[in-house]
Amino acid sequence: MNIEVIKADITKIPADAIVNAANSSLLGGGGVDGAIHRAGGKQILEECIQIRNRQGKCNTGEAVVTAAGNLPAKYVIHTVGPVWNGDEDKSSKLLEDCYKNSLQLAESLGVKTIAFPNISTGIYKFPKELAGRIAVETVRNFQSDNIEKVIFVCFDEENEMIYKKLLD
Ligand code: AR6
């Protein structure tokens, strides 16, 4: 898999799948979640509501998929990152699950390119350097037949620098 890092707004990325840093309710929120729902339009929320009606909330570390509405992507994969509470082992495992489960879902959908935001590093306050190491390591360890490219979409300069260094 080819791994890239860019500084951009993920709602503008024409990947087969973009990943959303959602919350367990799947009903939207602030940060990248708010941006994706705003730019993607009501189809995304409608499908999230259908998922909730089927399976209830989305647990931390898990991932679900909807269409991408008005976005230049085919799918939005919604995953719920851990809220940082200082329990490094537990939070790290849950963040790893987010990347792994999103990749697995993408793989099952035949996705070739997938774009990730820096899950949990905003409102959920996960330390950025540790989150970056987990993200890069999990993607590098993932065995895939379909996925050709993974794009880490950073929104702030600090994350961009962290990822550039990690991928050097
Ligand atoms: N494109 C790419 N990255 C973005 C964008 C964007 N348009 N907007 C923000 N980011 P956050 P979390 C970056 O807070 O920490 C929501 O309310 C941001 O700079 O969006 O997982 C949900 O509903 C940061 O690096 O998500 C949850 O309640 C990264 O995306 C909660 O926030 C993640 O920041 C999830 O918190």
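Scanning segment 6-42 for residues that are out of contact with any helix residue (DSSP H, G or I) (no Cβ under 9 Å at 6 or more places or on another chain), surrounded by 14 or more Cβ atoms within 10 Å (Cβ to Cβ) and within 19 Å of Leu109 (Cα to Cα) yields Ile13, Ala15.
Yes or no, residue by residue, for (1) surrounded by 22 or more Cβ atoms within 10 Å (Cβ to Cβ); (2) within 14 Å of Asn20 (Cα to Cα):
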| site | (1), (2) |
| --- | --- |
| Cys58 | no, yes |
| Ala73 | yes, yes |
| Val76 | yes, yes |
| Val83 | no, no |
| Glu96 | no, no |
| Asn101 | no, yes |
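Total residues in segment 9-53 satisfying the condition of being in contact with a strand residue (DSSP E or B) (Cβ under 6 Å, 6 or more places away or on another chain), closer than 24 Å to Phe142 by Cα and in contact (Cβ under 8 Å) with a residue 60 or more places away in the chain: the figure is 8. Within segment 124-138, restricting attention to residues that are away from the ligand (no atom under 13 Å from the Cβ) and either under 16 Å from Ile10 (Cβ atoms) or of a type outside the set (A, V, I, L, M, F, W, C) (or both), the residue that is surrounded by the fewest Cβ atoms within 10 Å (Cβ to Cβ) is Glu137.
The strands (runs of 3 or more DSSP E) located wholly in segment 9-123 that include 1 or more residues which are among the small types (Gly, Ala, Ser) and within 16 Å of the ligand (Cβ to nearest atom) occupy 17-22, 63-67, 113-116.
Condition test on Gly56, is it touching a residue at least 24 places away in the same chain (Cβ under 8 Å) and of a type in the set (Gly, Ala, Ser)? No, not satisfied. Entry remark, segment 139-154: residues being under 16 Å from the mean Cα position of the chain (by Cα) and surrounded by fewer than 18 Cβ atoms within 10 Å (Cβ to Cβ) number 3 in total. Being touching a residue at least 12 places away in the same chain (Cβ under 8 Å), of a type in the set (A, V, I, L, M) and more than 20 Å from Val80 (Cβ to Cβ) is the requirement here; does Val136 meet it? So Val136 fits the description; yes.
Name every residue in segment 81-140 that is β-branched (Val, Ile, Thr) and in contact with a Phe, Trp or Tyr (Cβ under 6 Å, 6 or more places away or on another chain), in order of residue number. Quick ask: steps written out before the conclusion?
So the first thing to find is which residues in segment 81-140 are β-branched (Val, Ile, Thr), and the list is 83, 111, 113-114, 119, 121, 123, 134, 136, 138-139.
Of everything in segment 81-140, those that are β-branched (Val, Ile, Thr) and in contact with a Phe, Trp or Tyr (Cβ under 6 Å, 6 or more places away or on another chain) turn out to be Val83, Thr138.
Throughout, read-outs are computed from the coordinates displayed, never taken from laboratory work. Computed from a predicted structure; not experimentally measured. For neighbour counting, all protein chains shown are included, and Cβ atoms are generated from backbone atoms with ideal geometry for every residue, glycine included.
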